[in-house]
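Asks: Sharing a structure, written as structure tokens. Questions coming.
Since every read-out is calculated from the coordinates, none of them should be taken as a lab result. This is a predicted model, so every value here is computed, not measured. Cβ placement follows ideal geometry from the backbone for every residue including glycine, while neighbour counts extend to all protein chains displayed.
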Amino acid sequence: MSVEEELNASVAYTPLQRMRHSAAHVMAEAVQELFPNARFAIGPAIEDGFYYDMELPRPLTPEDLPVIEERMRASIAANHPFMQSRWKREKALKYFRDHDQPYKVEIIENLADAEVGIFEQGPFLDLCRGPHVESTGKIGPVKLMRVAGAYWRGDEKRQMLQRIYGTAWFTQQDLDEYLERLEEAKKRDHRKLGKDLELFMISEDVGAGLPLWLPRGATVRRLLEEYILDLERKHGYQHVYTPNLAKLDLYKTSGHWEHYHDSMYPPMEMESGEELVLRPMNCPHHIQVYRHKMRSYRELPVSIAELGTMYRLERSGELSGLSRVRAMTLNDAHIFCTPEQMLPEFKKAVRMIERIYQDMGFKQYSYRLSLRDPNDKEKFIDNEQMWQQSEAALRQALKELDVPYYESIGDAAFYGPKLDVQVANVLGKDETISTVQIDFTLPERFDLEYIGEDGQPHRPVMVHRGGISTLERFMAFLIENFAGAFPLWLAPVQAVVIPISDEKHGDYAETVAERLREAGLRVEVDNRHERMNAKVRDAQLQKIPYMLVVGDKEAAADSVAVRLRSNENLGAVLVADFIRQALQIAAERSQELWPASESQPA
Ligand code: TSB
Ligand code: ZN
């Protein structure tokens, strides 16, 4: 949030936000008592709480937070009124200069107003538009959550400040429930589960935002790749392989270098003088594939697809596990079609995405129509007619699809508007998974053609489409959505065979595992010299769907004692029956691990 946005947002605060904003002032008051030389920047209410940015003589530690909290409680108990006044600009400038508050001075200098708002509570005075609660006693239970670094005005070239995040609620019960929700969310956090379940890692030696997929995560990824390639083949997509590098000129022609520059790595200069870049998008490569021969209207639409690896220079502060990375592989496709085919193709792409979500068992997602910001000529191609035409086309497609959606200004691609499919991550933040985009720009810039029925050259339209998004972001979402307990068809290890005694039943366990593997199931044998119960518990923690316990009885009857990761006990099942049942559940991509009627409580 920019300083100006913060100042404007405060006017529209809800009662809860207003109270949180007051809590931010009380937090600043407490910090000032501890550090009389603290310099304050901004302190808005945000979703779920508030923060204040400040410059302090030393870095804060987690141990500082309870101390600050304690002082906040004292101020709340003292019930100081919040007193509002309006000062002439000059008076305010002088006051904040005299009190060594350069950030406040800079904010005032950027304000056009002749007068500024001042709020005072007890010993603390702040530049502020309000509104606030009447007095500090009206502030509900507060908790300080964490300290983070934040650049002044979000600008990496300016002072690094310390930001304390806090939360405040009307009642203790609200606060407790919120903290509980956070705890629950933490358990689903893909960064934590990615580590616990050995799915992926980030190595400092490799670099930030450059994830490494561990064997189990790689297995899930391969299954997703096979799933999506198969689905695309059925929809007539043609798969290609293209390199991750290209000449810089290619991206000058496409417009990426001009409009997408901030997300691109600096070019590499070759001895020949040629400049190469890591690609931030796959479109220009697919355009070359389209162009490798003359196309007739008869072969359109041409859908060129690739699991295309690409690189984006995301800001380090924005990187997060697998969901925002710098090296990623997109389930990408570019559909080249006639203008008449554009709407049907767009709709087909959306329908295919709906099919994917159904197969995955995702129920909560929403459609976002992402439009350009007409005032931002740097980020978006400056071509009024193109934007009008493509936005109208998109709206028409949405109308025909009859799906609910909301609009977002400024989230379009530089070359055209998009329909984005949004999901919420565990932290409640919205993220784009799938996307379908209409593009009249790149066909123009690359002078693309097809020969029409009239024998004349015509310009095709492009539909860019990301089905399951990047495998990285999709995996992050999958992990959080299932809290790591993947449905059978995606589970990296589907069953673990557990011999009651590793000495006596180890051989039988191996035979069972061998038969299951032969049938195409992913199976491990836990032959550690451990108690059976410990092995069952470990497998449950690893969220492995089935634990197949084997002892004398099972060996004699050619069976396994089946236990689910939920701890449900199914009793003895013939090995052949288990294989048949598991294969069927996987083939159906069922979310269940066993037909309900056949299971019994543990
Ligand atoms: C769909 N040219 C199009 C393509 O043809 C394109 O690249 N669109 S995109 O820029 O919107 O990116 C496609 C998808 O990649 C996004 O919808 C998002 O789900 C995913 N994505 C984008 N940036 C990142 C990132 N830094 N980390 C992980 N996934 C990302
Ligand atoms: Zn594209």
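Asks: Based on other C-beta atoms within 10 Å, arrange K543, K504 from fewest to most.
Replies: If I rank by nearby Cβ atoms, fewest first, I get K504, K543.
Asks: Hey, another quick one. Return the lysines within reach of K91: Cα separation strictly under 23 angstrom, same-chain partners fewer than 8 residues apart disregarded; answer none if there are no such residues.
Replies: Leaving aside lysines fewer than 8 places away in the same chain, those within reach of K91 are K104.
Asks: Ordered by residue, what ³J(HN,Hα) values in Hz, to whole numbers, does the stretch 120-125 give under the Karplus form 6.51 cos²θ - 1.76 cosθ + 1.60, where θ = phi - 60° and Gly and Pro are x?
Replies: The phi angles translate into 10, 9, x, x, 10, 10 Hz.
Asks: Between the stretch 83-114 and the stretch 251-308, how far is it from one alpha carbon centroid to the other, in angstrom?
Replies: 51
Asks: Would you pull out the residues with amide H under 5 Å of M264's amide H, same chain only if 5 or more places away, H placed 1.01 Å from N?
Replies: For M264, whose amide H was placed from the backbone, the distant partners under 5 Å are L313.
Asks: Just the Cα atoms of the stretch 456-568: what Rg and Dmax do they give in Å?
Replies: Cα radius of gyration and Dmax of the stretch 456-568 are 20.5, 79 Å respectively.
Asks: If Lys and Arg each add +1 and Asp and Glu each add -1, what is the summed charge of the other residues whose beta carbon sits under 11 Å from the beta carbon of H529?
Replies: Charge balance near H529 sits at -1.
Asks: Of the trypsin sites (Lys or Arg not before Pro) in the stretch 252-315, which ones lie in a loop per DSSP and count no more than 14 other C-beta atoms within 10 Å?
Replies: Answer in residue order: K293, R315.
Asks: Using amide H atoms built in the peptide plane, which far-off residues or other-chain residues are under 5 Å from V133 H to H?
Replies: Amide H neighbours of V133: S22.
Asks: Here's another thing I want to ask about it. List the relative contact order of the stretch 54-147 as a percent without decimals, with contacts defined as Cα pairs under 8 Å and 6+ residues apart.
Replies: 39
Asks: Additional query: Report relative contact order for the stretch 503-602 in percent, whole number only (criteria: Cα-Cα under 8 Å, sequence separation at least 6).
Replies: 21
Asks: Still on this model: Where q = 0.06, 0.12 Å⁻¹, what log10 of I(q)/I(0) comes from the Debye formula for the chain, counting one point per Cα?
Replies: These q points yield log10 I(q)/I(0) values of -0.45, -1.23.
Asks: If you average the alpha carbon positions of the stretch 309-329 and of the stretch 370-407, how far apart do those two centres end up, in angstrom?
Replies: Taking the Cα centre of the stretch 370-407 as reference, the centre of the stretch 309-329 is 26 Å away.
Asks: So in the stretch 480-577, what percent of DSSP beta bridges are antiparallel if you round to the nearest 5?
Replies: Of all bridge pairs located within the stretch 480-577, approximately 55 percent are antiparallel.
Asks: Calculate the spin-label point distance for N244 paired with R459, positioning each point 7 Å from the Cα along the beta-carbon direction, and give it in nanometres.
Replies: For the pair R459/N244, the computed spacing is 3.4 nm.
Asks: Label S408 and Q159 with points 7 Å out from Cα along Cα→Cβ: what is the distance between them in nm?
Replies: In this crude label model, S408 to Q159 measures out at 3.3 nm.
Asks: Let me ask something additional. Which loop-located trypsin sites (Lys or Arg not before Pro) does the stretch 408-498 contain, where loop means any DSSP state but H, G, I, E or B and the Cβ has at most 16 other Cβ atoms within 10 Å?
Replies: Loop-located and lightly packed - K429.
Asks: What aspartates and glutamates does K186 reach when the alpha-carbon gap must be under 12 Å and sequence neighbours fewer than 8 apart in one chain are set aside?
Replies: Leaving aside aspartates and glutamates fewer than 8 places away in the same chain, those within reach of K186 are E480.
Asks: Sorted from fewest to most neighbouring beta carbons within 10 Å, what does the list T470, T61 look like?
Replies: T61, T470
Asks: If r is the Cβ-Cβ distance from E198 to E226 and R0 is 22 Å, what FRET efficiency results, to the nearest 0.05?
Replies: 0.55
Asks: Once you list every other residue whose beta carbon is under 9 Å from the beta carbon of E431, what net charge do they have if Lys and Arg are +1 and Asp and Glu are -1?
Replies: +2
Asks: Another question, if that's okay. In the structure shown, do any of K347/K543; K157/K247; K247/K379 have a Cα-Cα gap over 32 Å, and if so which?
Replies: In this structure, K347/K543 exceed 32 Å between Cα atoms.
Asks: Using 7 Å Cα-to-Cβ label points, what is the E120/Q84 separation (nm, one decimal)?
Replies: Taking the two extended label points, one gets 1.6 nm.
Asks: Name the long-range amide H neighbours of S434: under 5 Å, sequence gap of 5 or more, or other chain; modelled H, no Pro or chain starts.
Replies: For S434, the qualifying residues are V421.
Asks: Let me ask you something else. Residue-wise, which Karplus ³J(HN,Hα) couplings in Hz belong to the stretch 141-157, taking 6.51 cos²θ - 1.76 cosθ + 1.60, θ = phi - 60°, and x for glycine or proline?
Replies: In residue order, the calculated couplings are x, 10, 8, 8, 9, 6, 10, 9, x, 8, 6, 4, 6, x, 9, 4, 8 Hz.
Asks: Could you give the size of the charge dipole of the chain about its Cα centre, using +1 on the Cβ of each K and R and -1 on the Cβ of each D and E, expressed in debye and rounded to the nearest 20?
Replies: The dipole magnitude comes to about 380 debye.
Asks: Next question. So what are the ³J(HN,Hα) numbers for the stretch 309-322, from phi and the Karplus equation (6.51, -1.76, 1.60; θ = phi - 60°), rounded to whole Hz, Gly and Pro as x?
Replies: Each residue of the stretch 309-322 in turn: 7, 8, 10, 10, 7, 6, 5, 4, x, 8, 5, 8, x, 9 Hz.
Asks: For K348, list the lysines whose Cα falls under 24 Å from its own Cα; do not include residues on the same chain fewer than 8 positions away.
Replies: Straight-distance partners of K348: K234, K363, K399, K418.
Asks: With charges only on Cβ, +1 for K and R and -1 for D and E, what is the dipole size of the stretch 463-584 about its Cα centre, in debye, rounded to 20?
Replies: For the stretch 463-584, the charge dipole is close to 500 debye.
Asks: Further question: Using 0.36 nm per residue, how much length does the chain from A148 to A218 gain when fully extended, once their Cα-Cα distance is taken away?
Replies: Stretched fully, the A148-A218 segment lengthens by 21.9 nm.
Asks: Which of M342, M27, M360 comes first, and how do the rest follow, when ranked by fewest Cβ neighbours within 10 Å?
Replies: M360, M342, M27
Asks: To the nearest 500 deg cm²/dmol, what mean residue ellipticity at 222 nm is calculated for the chain from DSSP H runs of n ≥ 4 alone, each contributing -39,500 (n - 2.57), summed and divided by the residues?
Replies: -11500 deg cm²/dmol
Asks: Select from L448, P15, L223 the residue farthest towards the positive end of the dipole of the chain; place +1 on Cβ of Lys and Arg, -1 on Cβ of Asp and Glu, and compute about the Cα centre.
Replies: P15
Asks: While we're looking at this one, here's another question. Given an 8 Å cut-off on Cα distances and at least 6 residues of separation, report the relative contact order of the stretch 347-425 as a percent.
Replies: 50
Asks: Considering only DSSP beta bridges whose two residues both sit in the chain, what percent are antiparallel, to the nearest 5?
Replies: So the antiparallel bridges amount to about 85 percent of the total.
Asks: How many angstrom lie between the Cα centre of the stretch 531-602 and the Cα centre of the stretch 171-198?
Replies: Spelled out, the Cα-based centre of one part sits 29 Å from the other.
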